[in-house]
Amino acid sequence: MPLYQYNVMGKKSTILILLFAVTAFTIISSITSCKKIFPEMINPEEGLCGPVSLSSAQTLLFSQGNDQFFANRTTATGLGPYFVATGCGSCHSSDNRGHPFTTLTRFGQTDSTGNKFLAEGAPQLGAFCLPGFTPEQIPAGATSTKLIAPVTAGVGFLEAVPDTEIIAMAGANKNDPDGVRGHPNYNTVPSYVTPLSGSVQRSDGKYICRFGRKAAVYNLFQQVALAYNHDMGITSSYMPQNPFNYLDQTAPAISSTPEIDNTTFYSVVFYVTCLQTPIQRTPDDPTVQRGQQEFLSIGCGTCHKQTLTTGYSPIDALSYQTINPFTDLLVHDMGPGLDDGYTEGNAKTSEWRTAPLWGLGLAPGVQGGTVYLMHDGRAHSIQQAIQLHGGESAVSSARFNKLSSADQAAVIKFLQSL
């Protein structure tokens, strides 16, 4: 009530009573109606939000990272000057996929020669800004794409998949009769990132990357640094420059003191690394099992690889595990219909990383009841998402369209069980 300060005896208390009554009514109304307004949080027992098996000390660190992941940043805690969201949880509700309300825009790169618009604030658009600053705009001549945040759960397991397995999956595509030709996205690793043991470095110094819609980010350490800096405008020891905007003629100044300390930063990296994988629900349902067989028979499993095996990880629970993410971590040409004219690393503008399908059936719970699939949320049903697949996946998509209505429904029910 500090906004209402009256010095006349009696009037202040009357106003406070009225405000209390209005506030109480608002809270009660919100409780009864919030489910209609905001997406629901997913029950951890259904496969998301929980950690892998950890020691007591690791559990404490995970908890600290959880608090920071879902905390909302303000100007007092480093937000801005340009940003997309105020916290990690804003885009990754319940550690699942994002929503169009939190869509981010990346711009400026059309091929593997690099981004020519870094001086204009690329690669990410700061759609929001602090008072006194101007929201960023895409400069003339720059290509751009809109992206919805991918699922966060299970990403530590994906980081632990050895490069050799990724290379082997790419090699298996060379003679694929359906024309699947997926390949790793090699990209430059920033100096603040230490390459993981067993990583394969190409002759030009680039490494296999696997995170992000284009698989242009090397590991989760880099991903967290990018998210804090690009998404929230928060500096760290690893990315000490504030985002800038050519419209404000601000220079890429280095912050004298990082706006997120290393301890907090590490806790968030640990949190996302140790998130459990989503678990399949109703795997014994006969229709789900039939849908899985159809899914594999029409060739979807060539890219959405059902089973991967992790290698060594310093976190025991991630080491040498068999996982079912339904991805090959490769980028594939998805055809002209999904060509956004923007790319990162050595991926082409029409190439996208195979999205993991685990947690897919839980998406409606965090997207307000309507699913928003594909990289930009353009598909509003699983069936539509399948039918939008072109390029290397056109043959599989066509086979799906030729299935009977019952078989198509079985495939969709299988995917909803993931």
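The values are calculated or read from the model by the stated rules, or taken from the named source; none is laboratory data. Computed from a predicted structure; not experimentally measured. Please note: Cβ atoms are built from the backbone with ideal geometry, for glycine as well, and neighbour counts cover all protein chains shown. Only protein heavy atoms, including side chains, enter the accessible area calculation; ligands, DNA and RNA are left aside. Shrake-Rupley method; radii C 1.70, N 1.55, O 1.52, S 1.80 Å.
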>> Looking for something more than 22 Å from residue 155 (Cα to Cα), surrounded by 22 or more Cβ atoms within 10 Å (Cβ to Cβ) and polar (S, T, N, Q) - is there at least one such residue anywhere in the stretch 224-246?
In response: yes
>> As an exercise: evaluate residue 38 against (1) open to solvent by 80 Å² or more (accessible area, probe 1.4 Å); (2) at pLDDT 60 or above; (3) more than 21 Å from residue 279 (Cα to Cα) and give the number of the one condition it does not meet.
In response: (2)
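State whether the residues of the stretch 320-336 include one that is open to solvent by less than 20 Å² (accessible area, probe 1.4 Å), aromatic (Phe, Trp, Tyr) and within 17 Å of residue 382 (Cα to Cα).
yes
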> Taking the stretch 105-127 only, how many residues are at pLDDT 95 or above, under 21 Å from the mean Cα position of the chain (by Cα) and open to solvent by 30 Å² or more (accessible area, probe 1.4 Å)?
Replying inline: 1
> In the stretch 151-179, what residues are in a loop (DSSP other than H, G, I, E, B), touching a helix residue (DSSP H, G or I) at 6+ places or on another chain (Cβ under 6 Å) and surrounded by 19 or more Cβ atoms within 10 Å (Cβ to Cβ)?
Replying inline: 152, 153, 160
> So which pairs qualify, if the first residue must be in the stretch 167-184 and closer than 20 Å to residue 208 by Cβ and of a type in the set (A, V, I, L, M, F, W, C), the second must be open to solvent by 40 Å² or more (accessible area, probe 1.4 Å) and not in a loop (DSSP other than H, G, I, E, B), the Cβ gap must be under 6 Å, and the two must be at least 6 apart or on different chains?
Replying inline: 170/183
> Taking interchain pairs and intrachain pairs at least six residues apart, which have beta carbon atoms under 8 angstrom, with the first residue in the stretch 362-375 and on the phi > 0 side of the Ramachandran plot and the second hydrophobic (A, V, I, L, M, F, W, C)?
Replying inline: 368/38; 374/338; 374/385; 374/388
> Across the stretch 294-312, what is the total count of residues that are of a type in the set (A, V, I, L, M) and either surrounded by fewer than 21 Cβ atoms within 10 Å (Cβ to Cβ) or in a helix (DSSP H, G or I) (or both)?
Replying inline: 1
>> Could you go through the stretch 249-264 and let me know if any residue there is open to solvent by 40 Å² or more (accessible area, probe 1.4 Å), out of contact with any Cys (no Cβ under 6 Å at 6 or more places or on another chain) and under 21 Å from residue 95 (Cα atoms).
In response: no
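A quick yes/no check of all residues on (1) more than 19 Å from the chain's Cα centre (by Cα); (2) among the polar types (S, T, N, Q):
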{"residue": "147", "(1), (2)": "no, no"}
{"residue": "161", "(1), (2)": "no, no"}
{"residue": "171", "(1), (2)": "yes, no"}
{"residue": "178", "(1), (2)": "yes, no"}
{"residue": "186", "(1), (2)": "yes, no"}
{"residue": "192", "(1), (2)": "yes, no"}
{"residue": "198", "(1), (2)": "yes, no"}
{"residue": "203", "(1), (2)": "yes, yes"}
>> Quick check on my filter: what residues within the stretch 128-148 are open to solvent by 70 Å² or more (accessible area, probe 1.4 Å) and among the polar types (S, T, N, Q)?
In response: 137
>> Restricting to the stretch 353-405, name every residue that is aliphatic (A, V, I, L, M) and more than 18 Å from the chain's Cα centre (by Cα).
In response: 382, 386, 388, 394, 395, 398, 403
>> Going through 193, 288 one at a time, which residue ends up being modelled with pLDDT of 95 or more, of a type outside the set (S, T, N, Q), open to solvent by less than 30 Å² (accessible area, probe 1.4 Å) and in a loop (DSSP other than H, G, I, E, B)?
In response: 193
> Just checking, which of 72, 96, 66 is exposed (fewer than 14 other Cβ atoms within 10 Å of the Cβ), within 19 Å of residue 224 (Cα to Cα) and touching a residue at least 12 places away in the same chain (Cβ under 8 Å)?
Replying inline: 72
> Which of the residues belonging to the stretch 391-409 are within 17 Å of residue 334 (Cβ to Cβ) and either open to solvent by 30 Å² or more (accessible area, probe 1.4 Å) or touching a residue at least 12 places away in the same chain (Cβ under 8 Å) (or both)?
Replying inline: 391, 392, 393, 394, 395, 396, 398, 399, 400, 401
>> I'm checking my understanding of the structure. Among residues of the stretch 271-285 that are in contact (Cβ under 8 Å) with a residue 40 or more places away in the chain and open to solvent by 40 Å² or more (accessible area, probe 1.4 Å), which one is farthest from residue 417 (Cα to Cα)?
In response: 276
> Taking residue 357 and the conditions (1) among the hydrophobic types (A, V, I, L, M, F, W, C); (2) modelled with pLDDT of 95 or more; (3) out of contact with any His (no Cβ under 6 Å at 6 or more places or on another chain), which numbered condition does it fall short on, given that it satisfies the others?
Replying inline: (3)
>> So, in the stretch 84-119, how many residues would count as being within 23 Å of residue 277 (Cα to Cα) and either part of a loop (DSSP other than H, G, I, E, B) or hydrophobic (A, V, I, L, M, F, W, C) (or both)?
In response: 8
